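Here's the structure, in structure tokens; my notes come after.
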Amino acid sequence: MKAEIVGMKFRAASFTCPFCLVNSQQGWHQAIDTSRGSPGQPVEGLLTGKCLNCQERTVWYRDTLVFPKAESTAPLSTDHMPDDVKVVFEEARNVLSISPRSACALLRLCIQKICIHKGQSGENLNKDIGNLVIDGLSPQTQKALDVVRVIGNNSVHPKDIIEGDTDEIARYMFEVVNSIVDDLFGREERLRKAYAGLPQSVLEAIERRDRTANIKDTVNAGGE
């Protein structure tokens, strides 16, 4: 049975070493600047964590891991994500291992930008989602938007910190944002491509049908 991975935390007694992948005890040491000769001077805020299993060291500045710089484990952005949303999404991926709460707050900004793409103001996210519901937003996507809205908002307010495993919740939030993008942009794009792929003769017949229907509607409206 594979051992459970324990996330790296500053000054933690033990965690999963990024080098040997063993849940090992960590020894913490103040970094010393020896460039000016013995005995050297302590470097303020710079500490190292030494894995007692493999003897490799992690390097931390205050409470932030600076070495090794781990690749983000968050999901990649979906193909249909607008570019300005993707920039914020990637920023959230980059800070996930350092601050899951910050990642949640950034993902909230993602859906704010998504709402703007859908014709909303972006000034009041709760109101924007309500307007999208009026416009026919699916119940599933409404729930997804509200999940990101509420958790992202609570992540930056000390009185409303989200309960449970913050890291796990943050990772799930990336999946939720991708599902929102897929529903609001991906499905529309796939439908557009499928329609454009119909035979030209069929497209022309549909155009004639719709043109005829529009003429009839205009005539009927004029006779009322």
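The values are calculated or read from the model by the stated rules, or taken from the named source; none is laboratory data. Keep in mind it's a predicted model, so treat the numbers as computed, not measured. Backbone-built Cβ (ideal geometry, glycine too); neighbour counts: all protein chains shown. Side chains are part of the model used for accessible areas, which takes the heavy atoms of the whole protein and leaves out ligands, DNA and RNA. Shrake-Rupley method; radii C 1.70, N 1.55, O 1.52, S 1.80 Å.
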(request) Take the residues in the stretch 102-118 that are basic (Lys, Arg) and assigned to a helix (DSSP H, G or I), then tell me which one is farthest from VAL177 (Cα to Cα). (result) LYS113
(message) If I filter the stretch 1-19 down to residues being surrounded by 13 or more Cβ atoms within 10 Å (Cβ to Cβ), farther than 14 Å from ASP167 by Cα and of a type outside the set (S, T, N, Q), which single residue comes out as modelled with the highest pLDDT?
(response) ALA12
(request) Scan the stretch 107-156 residue by residue and report those that are of a type in the set (Asp, Glu) and over 23 Å from GLU90 (Cα atoms). (result) ASP128, ASP135
(request) Select, from SER99, SER138, SER121, the only residue that is of a type in the set (S, T, N, Q) and under 21 Å from SER77 (Cα atoms). (result) SER99
(request) Please identify the pairs in which a residue from the stretch 127-155 that is more than 15 Å from VAL177 (Cα to Cα) has its Cβ atom under 6 Å from the Cβ atom of a residue that is at pLDDT below 90 and surrounded by 15 or more Cβ atoms within 10 Å (Cβ to Cβ), counting only partners at least 6 apart or on another chain. (result) ASN154/ILE162; SER155/ARG101; SER155/CYS104; SER155/ALA105
(request) For ARG101, indicate whether it is under 17 Å from ILE151 (Cβ atoms), of a type in the set (D, E, K, R) and modelled with pLDDT of 90 or more. (result) no
(message) So if I check each of THR48, THR64, THR58, which one is over 12 Å from the mean Cα position of the chain (by Cα), surrounded by 19 or more Cβ atoms within 10 Å (Cβ to Cβ), among the hydroxyl-bearing types (Ser, Thr, Tyr) and within 30 Å of GLN25 (Cβ to Cβ)?
(response) THR58
(message) Just to check your reading of the model, which residue among THR73, THR58 is closer than 30 Å to THR16 by Cα, in a loop (DSSP other than H, G, I, E, B) and not aliphatic (A, V, I, L, M)?
(response) THR73
(request) May I ask you to list the residues in the stretch 177-205 that are among the hydrophobic types (A, V, I, L, M, F, W, C) and touching a residue at least 40 places away in the same chain (Cβ under 8 Å)? (result) VAL177, ILE180, VAL181, LEU184, PHE185
(message) For the stretch 131-144, give me each residue that is of a type outside the set (S, T, N, Q) and open to solvent by 30 Å² or more (accessible area, probe 1.4 Å).
(response) VAL133, ILE134, ASP135, GLY136, PRO139, LYS143
(message) Going residue by residue through the stretch 156-164, is there one that turns out to be at pLDDT below 90, assigned to a helix (DSSP H, G or I), open to solvent by 40 Å² or more (accessible area, probe 1.4 Å) and of a type in the set (Asp, Glu)?
(response) yes
(request) Identify all residues within the stretch 81-124 that are among the hydroxyl-bearing types (Ser, Thr, Tyr), free of Cβ contacts under 8 Å to residues at least 12 places away in the same chain and open to solvent by less than 60 Å² (accessible area, probe 1.4 Å); write none if there are none. (result) SER99
